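S.K.: Mind having a look at this structure? Questions to follow.
The values are calculated or read from the model by the stated rules, or taken from the named source; none is laboratory data. These numbers were taken from a predicted model, which means no experiment stands behind them. All Cβ positions, glycine included, derive from the backbone under ideal geometry; neighbour counts span all protein chains shown.
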Amino acid sequence: MGKMIQVTGIGKVYGKKEQSFTALDNVTFTVPEGASVAIVGKSGSGKSTLMHIMSGLDRPTSGAVVVDEQDISSMKAKEIDSFRAQKIGFIFQSFFVQANETCYNNVALPLEIALIGGAKRKQRVLTALKQVELDDKVNQKAANLSGGQKQRLAIARAIVNVPRIIFADEPTGNLDTVTGEKIEQLLFGFNRKLGSTLVIVTHDDDLAARCDMQVHIKDGRITEITHRKAGKK
Amino acid sequence: MKIRDSFRRAGRSLRNAKARTLLTSLAIAVGAFTLTMSIAAGTGARQYADKLIKSNVDPQSIYITKEKMNDSSATMGPGGLKEYREDALQYGGMTYKTLNEEDINKVRSIAGVERVLPTYFISAKYVSFEKIAGKKFTADVTTYDPTVLAQVASGTLPPLGQQIGTDEIVMPESFAEKLGIASKDMVGTTITLRLSKVANNPSEAEIQSLMLSGRFDEIEKRLTPETKDVPLKIRAVSAKSSTSFSASSALFISDKKADELSEFLTKGTEQYKKYVSATVTAKKDVDPATVKTDIEKRDMFAMTAKDLQGLIFNIVNLLQGIVAGFGVLALIASVFGIINTQYISVLERTREIGLMKALGMRGRHVRRLFQYEAAWIGLLGGVIGALLAWGIGALINPWLSSIMSIGENRILVFELLPIAGLIVALMVVAMLAGWFPARKAAKLDPIEALRTE
């Protein structure tokens, strides 16, 4: 199995000199292709910063990030934008769906950004909505959806462009247990079916335990990397 | 993101804030309305002026005076103390330097000049009509211009370029209406002009010497104006026209008759063979502009039909510019409206912008999205303003035409192309205004924008 993400000695420092704050310090680990990884830590531990750097939203102060054999820490801004558009899907705790747009247009957004149009776009959007069981709400505005439906819509938006990696930042944090369970099933399902690598940022130990690999972070450092025991899922 | 997709997304997000979009675009609509009106009024005025010139002035004709009309030496305005000049004529409260016979002959000798027609002032004491016995009227008498063919209500006019007969006269339809007689009944009847020649005022010494010699009849003769009745046959009644100046307000006689009557009226006076102005006609294949240069070389001032058109167009352009200026002011105000609205829009949609950037949308594409929103506002405002102007124009046009008494001519003329151009220009202006907030959107940091806490 190939290496999807290689994080080598990255550090992130905010501010300058006396007022500087170290968010990440010499973080190194590797995520195999198609794996599911949980980045676990309390709030303020640096787990979100790590995700931002791994997904190309932020740059590390030091170290290198190689994703799918591309060193994104040395890319130009334009290349990183295009890299995210082509290879990354995002799911957020607060959903971030466009409330005034229809479900269709919410899901179409990444394809518009990636310059995929015409019949291909339409077919992909409808397929993605069907996969999250929102095919009866194609022309409904996102504002009219429930919390669980909004997160399913966000998942459809994340998978529509068949990304190599899906980053999920506390995907069940704003949902009740039953709805959260459904979202987890969908995420792990796509991880297996599409072969997309799944990176989940969470402080929920139960969710983390369902991932193949757990990266524990405290005060910007990796404290432990654990692997799921076979058969327990 | 493709341009088409950006345009659609921009349009949709505007539809989600209908009231705000409408209000912002109304500010542009005010500017668009004023500018559309100024374009329409300018087009209308130019078209009307063009018609006026075409139906009153032969393109080959050149109007000449001794000096420029608004020259400081030709003191304008009534009243006041003016220096007496031998070669100047008083007319309508203004003093003009005059053209004399020598000047006229100089112009006649220029190559390319077809004919020179001095402007005669024939003031009839009164006119009387054969049809209405015993009544006296006053009316202006002018020379018939054979280079412009007027419409006739009754009777016939000679073909273009030919004068009417010496004993013939053309009267306007409005006179017939005033008299209450049908135009066709007037044709063939006689109009009599009563001319009255003001004698040179005899000096006191002259009167004294005549008194001493007992020649009282001579004194009376010197003091009584000499009069003459000129009967003329009505050849035609010219139709009312909203574009022809004189066709509706004066009696026309032939140039020969005018010369003869002028001779009678001015002989022995200071005004004899002196003319305020003259009309020169250039030969058909000669450019009036070259004739104009030749005339000006001979120390006279000349104005071609083109100059006249330019003069009128200058005035129209100036007035149009003033109206357009107000429109531009309104537009400048609306530009700040757009900037303000779009800034609020960017603030409101911080997360949406962050999301789009996280999903890999380029900063300049984000900027384009917001600029297109501004362009939509410009388009909406432009269309509303133009439609409003067009609608109101259609309503008030007949009323405007009637108070300006220009008949069927329209003072507001709406043409599609300049209005479409205006709307496109407004979209560009709106896009430029939207640039500042759009740049703010483009520079937004997605991590900051997506922070939930």
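Condition check ((1) within 12 Å of another protein chain (Cβ to nearest Cβ); (2) of a type in the set (A, V, I, L, M, F, W, C); (3) under 24 Å from B:Arg451 (Cα atoms)) across all residues:
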{"residue": "A:Ile53", "(1), (2), (3)": "yes, yes, yes"}
{"residue": "A:Leu57", "(1), (2), (3)": "yes, yes, yes"}
{"residue": "A:Pro60", "(1), (2), (3)": "no, no, yes"}
{"residue": "A:Ile113", "(1), (2), (3)": "yes, yes, yes"}
{"residue": "A:Gly118", "(1), (2), (3)": "yes, no, no"}
{"residue": "A:Arg121", "(1), (2), (3)": "yes, no, no"}
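S.K.: Something else now. Go through A:Ile165, A:Ile217, A:Ile222, A:Ile183 for me and flag whichever is buried (at least 17 other Cβ atoms within 10 Å of the Cβ) and in contact with a Pro (Cβ under 9 Å, 6 or more places away or on another chain).
M.R.: Working: A:Ile165 fails: in contact with a Pro (Cβ under 9 Å, 6 or more places away or on another chain); A:Ile217 fails: in contact with a Pro (Cβ under 9 Å, 6 or more places away or on another chain); A:Ile222 fails: in contact with a Pro (Cβ under 9 Å, 6 or more places away or on another chain).
Answer to the check: A:Ile183.
S.K.: Would you mind stating whether B:Glu102 is out of contact with any Pro (no Cβ under 7 Å at 6 or more places or on another chain) and either modelled with pLDDT under 85 or at positive phi (or both)?
M.R.: When the stated conditions are applied, B:Glu102 does not pass them.
S.K.: Go over the candidates B:Arg364, B:Arg349 one by one and state the one that is surrounded by fewer than 18 Cβ atoms within 10 Å (Cβ to Cβ), within 14 Å of another protein chain (Cβ to nearest Cβ) and in contact with a helix residue (DSSP H, G or I) (Cβ under 9 Å, 6 or more places away or on another chain).
M.R.: Values: B:Arg349 fails: surrounded by fewer than 18 Cβ atoms within 10 Å (Cβ to Cβ).
Unique residue meeting the criteria: B:Arg364.
S.K.: OK, next. Restricting attention to segment B:12-27, which residues are assigned to a helix (DSSP H, G or I), within 12 Å of another protein chain (Cβ to nearest Cβ) and either among the hydroxyl-bearing types (Ser, Thr, Tyr) or surrounded by 15 or more Cβ atoms within 10 Å (Cβ to Cβ) (or both)?
M.R.: Within segment B:12-27, B:Arg12, B:Ser13, B:Leu14 meet the criteria.
S.K.: Filter segment B:208-240 for residues that are over 23 Å from B:Thr189 (Cα atoms) and of a type in the set (Ser, Thr, Tyr) and give the result.
M.R.: Scanning segment B:208-240 gives B:Ser209, B:Ser213, B:Thr224.
S.K.: Something else: Determine whether segment B:332-355 contains at least one residue that is charged (D, E, K, R), in contact (Cβ under 8 Å) with a residue 40 or more places away in the chain and assigned by TED's automatic domain parsing to the domain that holds B:Thr34.
M.R.: Within segment B:332-355, one or more residues are charged (D, E, K, R), in contact (Cβ under 8 Å) with a residue 40 or more places away in the chain and assigned by TED's automatic domain parsing to the domain that holds B:Thr34.
S.K.: Next up: So which residues in segment A:62-93 are touching a residue at least 40 places away in the same chain (Cβ under 8 Å), over 21 Å from A:Ala154 (Cα atoms) and within 9 Å of chain B (Cβ to nearest Cβ)?
M.R.: Within segment A:62-93, none qualify.
S.K.: Every residue in segment B:227-266 that is of a type in the set (D, E, K, R), modelled with pLDDT of 85 or more and within 28 Å of the chain's Cα centre (by Cα), please.
M.R.: Within segment B:227-266, B:Asp255 is the sole residue that qualifies.
S.K.: Of the residues that make up segment A:128-137, is at least one more than 11 Å from chain B (Cβ to nearest Cβ), among the basic types (Lys, Arg) and closer than 17 Å to B:His365 by Cβ?
M.R.: Looking only at segment A:128-137, we keep the residues that are more than 11 Å from chain B (Cβ to nearest Cβ), and these are A:128-137.
Now restrict to residues that are among the basic types (Lys, Arg): A:130, A:137.
With closer than 17 Å to B:His365 by Cβ added as a condition, the list becomes none.
Looking through segment A:128-137, none of the residues is more than 11 Å from chain B (Cβ to nearest Cβ), among the basic types (Lys, Arg) and closer than 17 Å to B:His365 by Cβ.
S.K.: Right, next: Is it the case that some residue within segment A:19-38 is out of contact with any helix residue (DSSP H, G or I) (no Cβ under 6 Å at 6 or more places or on another chain), without any contact (Cβ under 8 Å) to a residue 24 or more places away in the chain, away from chain B (no Cβ under 13 Å) and not hydroxyl-bearing (Ser, Thr, Tyr)?
M.R.: Yes, because at least one residue in segment A:19-38 is out of contact with any helix residue (DSSP H, G or I) (no Cβ under 6 Å at 6 or more places or on another chain), without any contact (Cβ under 8 Å) to a residue 24 or more places away in the chain, away from chain B (no Cβ under 13 Å) and not hydroxyl-bearing (Ser, Thr, Tyr).
S.K.: Moving to a separate point now. Pick out the one residue from A:Ala35, A:Ala77 that is in contact with a strand residue (DSSP E or B) (Cβ under 8 Å, 6 or more places away or on another chain) and either modelled with pLDDT of 95 or more or among the aliphatic types (A, V, I, L, M) (or both).
M.R.: Answer to the selection: A:Ala35.
S.K.: Could you name every one of the strands (runs of 3 or more DSSP E) located completely within segment A:130-233 that has at least 1 residues being within 17 Å of A:Ile91 (Cα to Cα)?
M.R.: The strands (runs of 3 or more DSSP E) meeting that bar are A:165-169, A:197-202.
S.K.: Can you name the number of the only condition in (1) surrounded by 15 or more Cβ atoms within 10 Å (Cβ to Cβ); (2) hydroxyl-bearing (Ser, Thr, Tyr); (3) more than 14 Å from chain B (Cβ to nearest Cβ) that A:Thr49 fails?
M.R.: Evaluating A:Thr49 over (1) surrounded by 15 or more Cβ atoms within 10 Å (Cβ to Cβ); (2) hydroxyl-bearing (Ser, Thr, Tyr); (3) more than 14 Å from chain B (Cβ to nearest Cβ) leaves (3) as the failure.
S.K.: Sticking with this structure for a sec: Kindly indicate whether B:Leu308 is closer than 28 Å to B:Ser55 by Cβ and surrounded by 15 or more Cβ atoms within 10 Å (Cβ to Cβ).
M.R.: yes
S.K.: Scan A:Ala142, A:Ala154, A:Ala99, A:Ala108 and give me the residue that is within 12 Å of chain B (Cβ to nearest Cβ) and in contact with a Cys (Cβ under 7 Å, 6 or more places away or on another chain).
M.R.: The match here is A:Ala142.
S.K.: Follow-up. I need the full set of residues from segment A:59-80 which are more than 18 Å from A:Ile166 (Cβ to Cβ) and charged (D, E, K, R), in order please.
M.R.: Correct list: A:Arg59, A:Glu69, A:Asp71, A:Lys76, A:Lys78, A:Glu79.
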